[in-house]
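Below is one structure; the comments refer to it alone.
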Amino acid sequence: MGSNVAVLSCYEYDKDNIKATIKEGFSHIGIPDIRNKSILIKPNLLMPAEPHYGVTTHPVMIEAVGELLLEFGAREILVGDSPGNALSNIENLYKRTGISSLENKEGFRLVNFSREGIIDVDNPGGMVPVFPLTKIIKEVDYIVNMPKLKTHNFTLVTCAIKNMFGSIPGFNKSKMHAVAPSPEGFSRLLVEIFRSVGPDLNIVDAIEGMEGDGPSGGTPRRFGRILMGYDPVAIDAVGGWMLGYNPKDIYTTRIAGEMGLGENSLENIEIFGAKLEDLFGHDVKKVNTVYNVTNKLSSPIFSFLSKRLVKFIKIYPEIDDDKCVRCEACLRSCPQKAIDKFDGRMKINYKKCISCYCCHELCPQKAVMIKKNRLADILWLARD
Ligand code: SF4
Ligand code: SF4
């Protein structure tokens with residue numbers, strides 16, 4: 001249906017207002033034919049966190065979208081995700097994120113990706129031959145991708161493309177980090193996962209997103225927007241722009257565009273509801289990544305140096321013992337098995353660590369800090 005993106009103003013999680021806003025969005029991008037279809041809504045439910053933390057797609061958004069789709073003739077609305085921490089209790093996840101309020105709602109059904117079974121989906125010409133995806137995605141007729149707009153320590157941005165990572169249930173997600181440890185390699189893998197799932201419609205919760213050390217350790221940020229469109233790459237191009245990035249500086253957006261999976265050039269995207277220049281997130285706090293240190297240097301001298309010294313720039317996780325409650329979520333989620341418990345304290349083995357920041361992402365106590373070495377600090381201060 002083209003690379004149109006509706007960017008709609010909406011400041012509060014008020015269901016009636018959200019429904020009216022989304023209806024307006026459909027008047028721009030076109031109403032999908034979903035009559036009698038079984039629909040999966042795939043929100044971002046990264047971890048068991050209450051909606052006010054700005055980490056997960058807000059339950060009122062999901063309810064509003066589901067109700068509208070039922071009004072448009074959908075047969076049933078399934079809602080599900082698989083959290084980052086493979087051992088997370090799904091019932092607790094749904095309760096804390098507010099999704100369990102939809103459990104007994106007519107027309108809705110909550111699903112557990114891990115319990116519904118897994119199918120291997122071919123990934124021709126890709127980095128791995130198959131992806132173990134939740135069976136649900138092949139059983140429904142239509143997938144509505146409902147990400148949250150956030151900064152992300154590893155991939156810079158998490159929005160429509162990255163949200164499909166949750167289609168891989170449980171521990172298999174950690175294995176993907178081990179397959180592709182670099183941000184660029186992992187981003188390519190994310191694009192291939194997104195291609196294998198193939199969401200039909202994208203509705204982004206950018207009413208409240210996140211800035212700084214996202215996707216969980218940053219600060220909630222009220223953008224007051226809902227983004228809608230059928231082209232997830234175009235959605236991510238606009239979403240990345242709202243977070244202060246040129247879309248082609250974001251690996252997932254660039255690679256997806258190069259693979260012909262959507263439009264990543266802002267000049268080729270028709271935006272309804274806002275002006276592109278008004279959307280740029282010039283004051284949005286960025287994440288701490290080596291990429292952010294090296295690629296945004298204003299001084300040619302520092303830029304020259306950083307390219308030669310990149311292997312000496314270190315940005316690494318460090319556990320704050322005072323905040324840590326020894327829940328071991330980091331230990332269980334680390335794809336490199338680089339975290340262990342010694343004398344009752346969590347320790348990172350930096351020889352094994354690949355700086356994927358999963359531990360930072362999934363720590364419920366925000367006890368995993370992202371630290372920079374002296375060189376990274378100097379270059380960071382030299383940024384724009
Ligand atoms: S660092 Fe965080 S995730 Fe790891 S044990 Fe401590 S509180 Fe749990
Ligand atoms: S210690 Fe943390 S950053 Fe390092 S590999 Fe493990 S999860 Fe990733």
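The values are calculated or read from the model by the stated rules, or taken from the named source; none is laboratory data. As the structure is a computational prediction, the values presented were derived from the model and not from experiment. Neighbour counts run over all protein chains shown; Cβ positions are idealised from the backbone, glycine included. The area values use the complete protein model at the heavy-atom level, side chains included, leaving out ligands, DNA and RNA. Shrake-Rupley method; radii C 1.70, N 1.55, O 1.52, S 1.80 Å.
Structural remarks
- Computed with a 1.4 Å probe over protein heavy atoms only, the accessible surface of the chain comes to 41 Å² per residue.
- Local net charge near ASN163, Cβ-Cβ under 11 Å (Lys/Arg +1, Asp/Glu -1): +1
- Residue-span extension gain [ASN36 to CYS327] - 0.36 nm each, minus C-alpha spacing: 100.3 nm
- A Förster distance of 45 Å, applied to the separation of the beta-carbon atoms of ASN246 and ALA178, puts the FRET efficiency at 0.90.
- Those GluC sites (Glu not before Pro) in region 48-123 that DSSP places in a loop and that have at most 11 other beta carbons within 10 Å: GLU106
- Taken over the Cα atoms of the chain, the convex hull encloses 133 Å³ per residue.
- When the pairs LYS15/LYS286; LYS95/LYS341; LYS19/LYS42; LYS173/LYS341 are compared against a 24 Å limit on Cα-Cα distance, LYS15/LYS286; LYS95/LYS341 fall above it.
- Estimated 222 nm signal from helices in the chain, with DSSP H stretches of n ≥ 4 weighted -39500 (n - 2.57), rounded to 500: -8500 deg cm²/dmol
- Just the protein heavy atoms count here, and of the accessible area of region 127-226 at 1.4 Å, carbon and sulfur take up 51 percent.
- Part-to-part distance (alpha-carbon centres) for region 159-209 and region 252-282, which is given in Å: 18 Å
- Judged by the mean number of other Cβ atoms found within 10 Å, the most tightly packed of the peptides 271-280, 366-375 leads the ranking 366-375, 271-280.
- Of all DSSP beta bridges confined to the chain, the antiparallel ones make up roughly 60%.
- For region 30-154, the percent of C-alpha pairs falling in each 5 Å distance bin, counted from 0 to the bin holding the largest distance, reads 2, 10, 19, 21, 20, 15, 9, 3, 0.
- Under 10 Å, Cβ to Cβ, from SER174 - net charge with Lys/Arg +1 and Asp/Glu -1: +4
- Given their separation in residues at 0.36 nm each and the Cα-Cα distance between them, ARG115 and ASN89 gain 8.2 nm when the chain is fully extended.
- With the highest mean first, a sort of the peptides 147-153, 337-343 on other beta-carbon atoms found within 10 angstrom per residue produces 147-153, 337-343.
- Choice from ASN246, ASN145, ASN89 showing the highest fluctuation, given a GNM over the chain with Cα pairs closer than 10 Å: ASN89
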